[in-house]
Amino acid sequence: GQVVDTQASYAIPLALGIFDKKNKPYAVANLVETVKRSNKDDGGNERPAYSLMTGFIGTASISEALSANGQHAEAYRLLSQKTYPSWLYSVANGATTIWERLNSYTVENGFGGNNSMNSFNHYSFGAVAAWMYNYSLGIQRDTKSPGFKHFVLNPRVDPTGKLKFANGYVNTMYGDIKSSWKKIGNAVSYQFTIPANTSAKLIIPARNLQTIKNQGKPLKVGNGISSIVEKGTNVEVELESGGYSFLVNN
């Protein structure tokens, strides 16, 4: 055997749920360490902290593994990185499509010699879009309720402060599930649309119920809200179909 200490060596098994309860915290800590440190690429070149060093398969798992284990700041830092190798490096260099390879083009080597088998309009590194829907917008499936009949809204605002807002939707057989958030000073404004004939569990990080306003009024059961439960640092709210606006002051 050989000891492996790479981003993918932790991200993939974490995303697949392979580690047991005893070893999982160590795997999470090691993953965070591989993200925060500089690493050498396969050519022996030192790459800066928060670079993607995962290759084709691990890239789809790394953000999921981080946010599923509460490491949202590290996931957002990865998303906002612009130096090579990163998701935004290609954008900073004028790309309007997603490349198959992180080094399809680099400032230092140009297009290189690997483009005889290379796509400049490829999904591979676009896998981070799934993380944007699931964690930034927070639109997640309820595994006990197929087809988004009941679903989870668990948006996570960027703890680093670089991203100030996010908005988007997922089209389902019932209609569009819409989710958005925007930072307003120390507060966060949330907007949601729950399609007709569906319901959702909303999970909002908040110190307590008193910090949440529903359309400018104290949060309480009624008008589409069927239950409210405080769980640790979150407030869980069951929502019926309709449009909702919440303001959380933290």
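Rounded to whole Å, give me the distance from the Cα center of region 91-148 to that of region 1-24.
Using only Cα atoms, the two centres lie 23 Å from each other.
Round to the nearest 10 and give me the degree value, 0 to 90, for the angle of helix 7-16's Cα axis relative to the longest principal axis of the chain.
In the chain, helix 7-16 runs at an angle near 40 degrees to the longest axis.
On the accessible surface of region 171-250, probed at 1.4 Å, how many percent belong to carbon and sulfur atoms?
Ligands and nucleic acids excluded, carbon and sulfur give 47 percent.
Give the separation of the Cα centroids, region 25-42 to region 170-239, in Å.
Taking the Cα centre of region 170-239 as reference, the centre of region 25-42 is 34 Å away.
Rg over Rh of the chain, using C-alpha atoms and the Kirkwood radius, what does it come to?
1.01
Relative contact order for the chain using alpha-carbon pairs under 8 Å, separation at least 6, rounded to a whole percent?
Reported relative contact order: 12 percent.
Could you list which residues have their amide H under 5 Å from that of residue 202, counting only those 5 or more apart in sequence or on another chain, with H placed in the peptide plane?
Long-range HN contacts for residue 202: 153, 237, 238, 239.
Across region 194-210, in residue order, what do the Karplus-derived ³J(HN,Hα) couplings come to in whole Hz, using 6.51 cos²θ - 1.76 cosθ + 1.60 with θ = phi - 60° and x for Gly and Pro?
9, x, 4, 6, 10, 8, 8, 9, 9, 10, 10, x, 7, 5, 6, 4, 5
For region 49-107, what is the per residue volume of the convex hull drawn over the alpha-carbon atoms, in cubic angstrom?
Dividing the Cα hull volume of region 49-107 by its residues yields 79 Å³.
With a 1.4 Å probe and every protein chain left in place, work out the accessible area per residue of the chain in Å², rounded to a whole number.
It amounts to 54 Å² per residue over the chain.
What is the set of long-range amide H partners of residue 242 at a cut-off below 5 Å, with H atoms built 1.01 Å from backbone N?
Under 5 Å from the amide H of residue 242 lie the amide H atoms of 194, each far enough along the sequence or on another chain.
Go ahead and estimate [θ] at 222 nm for the chain from helices alone: -39,500 (n - 2.57) per DSSP H run with n ≥ 4, summed, over the residue count, rounded to 500.
Here the helix-only value at 222 nm equals -6500 deg cm²/dmol.
What are the ³J(HN,Hα) values, in whole Hz, obtained from phi via the Karplus relation 6.51 cos²θ - 1.76 cosθ + 1.60 with θ = phi - 60°, for each residue of region 126-134 in sequence order, with x given for Gly and Pro?
Values, residue by residue: x, 4, 5, 4, 4, 5, 4, 5, 6 Hz.
Taking all protein chains as present, what is the carbon and sulfur share of the accessible area of region 78-135, in % to the nearest whole number, probe 1.4 Å?
That share works out to 57 percent.
With the Cα gyration tensor of region 128-240 giving a ≥ b ≥ c as the square roots of its eigenvalues, does the rule (a/c under 1.5 for rounded; else a/b larger than b/c for prolate; else oblate) give rounded, prolate or oblate?
Oblate is the answer for region 128-240, as a/c is 1.5 or above yet b/c matches or exceeds a/b.
Determine, for each peptide in 198-204, 17-23, 69-75, the mean count of other beta carbons within 10 angstrom over its residues, then list the peptides with the highest first.
Highest to lowest by the protection proxy: 198-204, 69-75, 17-23.
Which residues' amide hydrogens lie under 5 Å from the amide hydrogen of residue 39, considering only partners 5 or more residues apart or on another chain, with H built in the peptide plane?
Correct list: 47.
If you plug each phi of region 26-43 into the Karplus form 6.51 cos²θ - 1.76 cosθ + 1.60 with θ = phi - 60°, what whole-Hz ³J(HN,Hα) values come out, in order, with x for Gly and Pro?
Residue by residue, region 26-43 yields 5, 5, 5, 4, 5, 4, 4, 4, 5, 7, 7, 9, 7, 9, 8, 7, 6, x Hz.
Is there a quick way to get the dipole size of the chain? I mean about its Cα centre, with the Cβ of Lys and Arg at +1 and of Asp and Glu at -1; what is the value in debye to the nearest 20?
With Lys and Arg at +1 and Asp and Glu at -1, about 780 debye.
The values are calculated or read from the model by the stated rules, or taken from the named source; none is laboratory data. Computed from a predicted model, the values in this text were never measured in an experiment. All Cβ positions, glycine included, derive from the backbone under ideal geometry; neighbour counts span all protein chains shown. Accessible surface areas use protein heavy atoms only, side chains included; no ligands, DNA or RNA. Shrake-Rupley method; radii C 1.70, N 1.55, O 1.52, S 1.80 Å.
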